[in-house]
């Protein structure tokens, strides 16, 4: 039934070949520490680390074999198609536009091994996310041990001189511990300071707490170009050189605004956001769902604040950017599969709904969307006849403003026991921006049960399995359904129709069957004409 020809993609970056980094300018942030297989930073004057060659160059053939193995592993995480398509996307943007990953202090304490294994995996693929971390829980513990009770105003830590001194030492120690752990695994890293410039947020209320005014990204870009993963603390500096404390979530958001990455990742012990029934929210389309979510009684406190902050961030980023809230052990699954692992949040697209042909604002463009990528010499005339069918029968069409995705559902009726997805036409960019997810979510809200068919050779078959409660496979075709079970009275006649007619089931309401018959007839006519000459 479905003619979509490309994979659903969620985030990515371009590999930067490791090479010696160009020296940063005097006004650029300082590269404080680095490590890696091709060069290592040794102790220099003033406690800084200068370039040295204490580690032998890695064997390039061995490294290539390792990356080949890791690339094969990507395919085993999801389908082969998913792995290939994600890796293709990861090479489509500049390296610094891959991902910003925010690591909380609790992750550094409880899940550092999972975090480092995930970063090693990305590094071996030539992907270099920018890491920014905090150390809040550790700071609370140290202050309590020193007899200082942590103070917060409006959720922001009041940072006096003593607290700032403890925080500075702690952040450097946690940064060094993460870099050393990655270094021991063979991951090239650079710890960079001076990235965030800030003014006092409100010196009277919060004392040494900063509001970021500028992000110096030159050292980050040069490090990634040289094949290093940048690792930053959330500390900022004022114009007069005063160190200021900044919340790690805020620092990650400002860094994302400067770099405009495809992916902003918040690592969480919980692994995502949860609804009122305790179920993990897989996907949020802000354009469609934000107002609805804000009205829910369970959406309050931290969850409400997080969604609002993410919306404010995504409103300032390209529409291709997304935010993921995941557990550190699920980073590979989130990046390399359609289903992901945590909560994926996008700006999304407004989905239009039309139940009359006369309500289409531009019928010609709708026809073009239904025809694109279709086989057959008679596709245009076939779509015209299908539109005529819609004029006489009930239906609901779902589509985004750019017509990247068009779906048409025929409702249940006297001769139709279940609602049927008659066609779903999606462009490559439609998959890329997740419009398919948004359209399907809109369909599911209106239709508690649904059936549709797909060729077993469809490269997006995995995606359809994820949307269904069950399926039947027969003679190269797959019947999918949700909202009912095998013993359902409504499903039984649909199954019988499928067994008898395959993807030609449901007669004229099935656009895919119409197009296939037209293509076959045109091919047969062409063969007959050639045989007579």
Quiz prompt | Ordering of 395-407, 205-217 by packing [mean C-beta count within 10 Å, highest first] | solution = 395-407, 205-217
Self-check item: residue 144-residue 110 pseudo-label distance in nm [points 7 Å out on the Cα-to-Cβ vector]
Solution: 1.4
Quiz prompt | Gain in span if fully extended, residue 392 to residue 309, counting 0.36 nm per residue against the direct Cα distance | solution = 25.2 nm
Quiz item: Given the Cα-Cα distance of residue 368 and residue 162 and 0.36 nm per residue of separation, how much length would full extension add, in nm?
Solution: 67.5 nm
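Listed highest first by mean packing, meaning other Cβ atoms within 10 Å per residue, what order do 418-428, 235-245, 147-157 come in?
Those peptides, ordered most packed to least, come out 418-428, 235-245, 147-157.
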Quiz item: If you find the alpha carbon centre of segment 112-132 and of segment 340-402, how far apart are they in angstrom?
Solution: 41
Exercise. State the Cα centre-to-centre distance between segment 159-221 and segment 421-470 in whole Å.
Key: 44
Practice problem: Could you sort 223-233, 476-486 so that the peptide with the highest average Cβ count within 10 Å comes first and the rest follow in order? | Solution: 223-233, 476-486
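Every read-out reported here was derived from the displayed coordinates using simple, explicitly stated rules and does not represent laboratory data. Treat the numbers as computed from the prediction; the structure is a model and nothing was measured. Here Cβ is always computed from backbone atoms with ideal geometry, including for glycine, and neighbour counts include all displayed protein chains.
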